[in-house]
Amino acid sequence: MSELIKVTINGQEFEVEKGARLIEVCREKGFGIPSFCYYSDLALQASCRMCLVRIEKMPKLQTSCTITCTDGMVVTTQSPEIEKAQRSMGEFLLANHPLDCPVCDRGGECELQEMIFDWGDVEERFTEKKNAQPEKFLSPIVANDPQRCIVCKRCTRVCDEWMGEEAIEAGNRGVNTVIGTYGGWLNCSQCGNCIEVCPTGTLLDGVYRHETRPWEMDQTVSTDVYGSDGMQISIGSRGGEVHRIVARDRYVNGLNGEFLDVRARFAHGFINHPDRIRTPLIRYKKGGKLIPATWDEAIAFVSGKLRESGKNTGVVASPRLTNESIFTLKRFAAEVLGTDNYAVADRFDLSPIFDNLSVPLATHKEIRYAKTILLIGGEPEEEQTFTAKQIRQAVRNDGAKLILVHHTPTRLTQQASQFIHVNPNSLDAFALAFSDAANDTIAKKLGVERSEIDAALQTIGETEGDFIIMFGEDLSPEAQAIVANAAARFASDKRRVLLHPLALYNNSVGANDMMAGRKPLEEVLKNSRSLLIAGSLQETDVKLLENKDFIVVQELFETATTEYADVVLPAASFAETDGTFTNNTGFVQRVRKAIEPVHQSKADWMITSLIAREMGVDFGYNFSAPMVFKAIADAVPAYEGLRYPMLKDESRPVQVKHKISAQKDMSRELQALSAKVNAMPDEGEKITVTPRVGHKLHRLTTMTSKTPQFHLLANGNPKPENLLVSPLLQFNLDGTPRTEEISEAVSVRDRVDDKEAVSNRAVLK
């Protein structure tokens, strides 16, 4: 327990933790202190000089961001002396800053603007010509207006500390300091966190820019639809269109603060994309065309065909659907079709983990403050980005030890205290060593020295505090089960062991919970004559749809899966429906409707319910998402007693009660895994090249392909040949860039004066 001390702030006495940072204590107690360079989750900069306070017995004003609380400290946060000093600093900040707030894209959300407006008036005595610099784009997504920069360096620290990329740096010195990139082009994962933390309009969202004003949008708090971390977001919408997504912390305190990755922040163009399926579509004969139909016609047609197929029908749910939709699909299979022929379209089956779970799941906060982290395979910096950020912060800020076991050097290798570089496809051997005992044979299969494995086990054994085990699909199901079961044996009085599965999709954990008793996907696809599919299948699975009697697909767009469909039903996106996701830490998180469903789309659970009703079974949902969730809470043990109102407080997420079992007899699984490891080759050629940043984040999927900028990012974020012209990139509806070319450079002055140049910015070759 932390030691408590007494401090006095503005005449009021408080008990606070010894060593707590003064600026945080003051803000927590309700005393506002302005700052620009300070950010609670970043290294200290102490350059803006705005957070000044008077501390008794100290000869001059102090920066509260650099002061920690001591017993008996007496602090004053507001006085004429303090305000005069802050106003002087504000005047310096405005010396080169354009005074065009009404047209600035950050207007209404600018921290500098808010501070100046709070003061009411600021005298500007600098009459010299302002040090103006041209606007430019740093990438297809990040716009830059350098003259608005106040050199707080939040962006450079975020890029380094959160992402480990160092793509943005400060150049020059003094008044000539500029924030820029190496080579003038932003070559990174394009997460946009530099935009989020920028206190002014220096870095801007190039996708949202000039679309609307922040105060004109309705803000709806929701959950990220891409990654399994369950990052919380705020959807900005206006007139039935989604214009922007930002981290939820700007409006409500969420678990991820202001952190988002490129997909969560920018890949929302699919919601209002013109290619959305507008009406139900029916293919009345095989090989024919899909013909638009009414909902009544489509539901009647589907129910008749599925009634004929009966138990020969397979039901498949995408792990991107809400818990409500997946649960309803399972009910449809069991109660309407009378079959257990249902599956989840997820190549990473989590059941071996949850069926053998011997320790609790780790939360992201617990990852952030862990003492030792064992990461077996996976690439969280590309797929579970918030998890990667927490790992990086734990190592960097608190000295956590990261043991990385991988066949590929990843970006997290830089943070690893021990990198066990193994042969390709040999991670199962490490799982065997972890759960049983290391030996020379296992080390040989891994392509490492026995001492490396022993050193890792020794580090784990010396850990006092939280020890967290992470792994993903790189391990075979047998290895996953063994590691999940063996985790408990490392627990002690001084060491708590937690597990963190690197699930692939936003609701992979929820899909595992909702579809207990499911069959393997391949088995369902092969053995079913008819199929009800919500979402789309992986490319490798689509070929199994050939020669089926009847297929109905619930989807947003036409895909490779819908090409085989006899009926396609337009599904609503996450922004058009209410529901829940369950993230990789077991938190149940709300998904909230921000706009009305586009065209004639409906929530997936509602579509399935309509088909069930037409076939004579009424689920009793009465078109209410809360009623669906109540049915989940009544039927799924881990969700027992939960209701929507319990999920209202985003700062206190609810973790479901996954069953934790005592260690089991795994002799059969160990025998099978040992045989598998013995069959591995003794030698292998190790991978030495670190994968390109964003190689998974920027891949074109059904949804990201509808965001034009992702076509450039997926191709390596190519740099325009001419950076003197702002590359305000334009795209055709199919996502391909327009081919118009500006033959020669246009100066900034020309772009401002020439209306045609401004309104018709073209793509650079």
When you look at Thr328, is it in a loop (DSSP other than H, G, I, E, B), more than 23 Å from the chain's Cα centre (by Cα), over 27 Å from Asn485 (Cα atoms) and hydroxyl-bearing (Ser, Thr, Tyr), yes or no?
no
Residue under evaluation Met231, criteria (1) aliphatic (A, V, I, L, M); (2) out of contact with any Ser or Thr (no Cβ under 6 Å at 6 or more places or on another chain); (3) within 21 Å of Val598 (Cα to Cα), criterion not met:
(3)
Considering only residues of the stretch 2-20 that are part of a loop (DSSP other than H, G, I, E, B) and either among the polar types (S, T, N, Q) or exposed (fewer than 15 other Cβ atoms within 10 Å of the Cβ) (or both), which is modelled with the lowest pLDDT?
Ser2
With respect to the numbered conditions (1) surrounded by 24 or more Cβ atoms within 10 Å (Cβ to Cβ); (2) in contact (Cβ under 8 Å) with a residue 40 or more places away in the chain, which one is the sole condition not fulfilled by Ile245?
(2)
Looking across the stretch 49-93 at residues that are out of contact with any helix residue (DSSP H, G or I) (no Cβ under 7 Å at 6 or more places or on another chain) and charged (D, E, K, R), the single one that is nearest to Asn10 (Cα to Cα) is Glu56
Specify which of the listed residues (Ile482, Ile469) is aliphatic (A, V, I, L, M) and assigned to a strand (DSSP E or B).
Ile469
Output the number of residues of the stretch 512-569 satisfying the condition of being within 21 Å of Ala300 (Cβ to Cβ), crowded, with 22+ Cβ neighbours inside 10 Å and of a type in the set (D, E, K, R).
2
One residue is enough: does the stretch 164-184 have a residue meeting the conditions at pLDDT 85 or above, surrounded by 18 or more Cβ atoms within 10 Å (Cβ to Cβ), closer than 28 Å to Arg213 by Cβ and in contact with a helix residue (DSSP H, G or I) (Cβ under 8 Å, 6 or more places away or on another chain)?
yes
Going residue by residue through the stretch 502-517, is there one that turns out to be touching a residue at least 24 places away in the same chain (Cβ under 8 Å), touching a strand residue (DSSP E or B) at 6+ places or on another chain (Cβ under 6 Å) and part of a strand (DSSP E or B)?
no
Among Lys60, Lys136, which is buried (at least 17 other Cβ atoms within 10 Å of the Cβ) and charged (D, E, K, R)?
Lys136
Which numbered condition in (1) exposed (fewer than 14 other Cβ atoms within 10 Å of the Cβ); (2) among the basic types (Lys, Arg); (3) in a loop (DSSP other than H, G, I, E, B); (4) without any contact (Cβ under 8 Å) to a residue 24 or more places away in the chain is the only one that Arg692 fails?
(4)
So for the stretch 657-665 (the condition being surrounded by 17 or more Cβ atoms within 10 Å (Cβ to Cβ) and modelled with pLDDT of 90 or more), does at least one residue qualify?
yes
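The values are calculated or read from the model by the stated rules, or taken from the named source; none is laboratory data. From a predicted model like this one, the values you see are computed outputs, not experimental measurements. Every residue, glycine among them, receives a Cβ derived from its backbone with ideal geometry; neighbour counts consider all protein chains shown.
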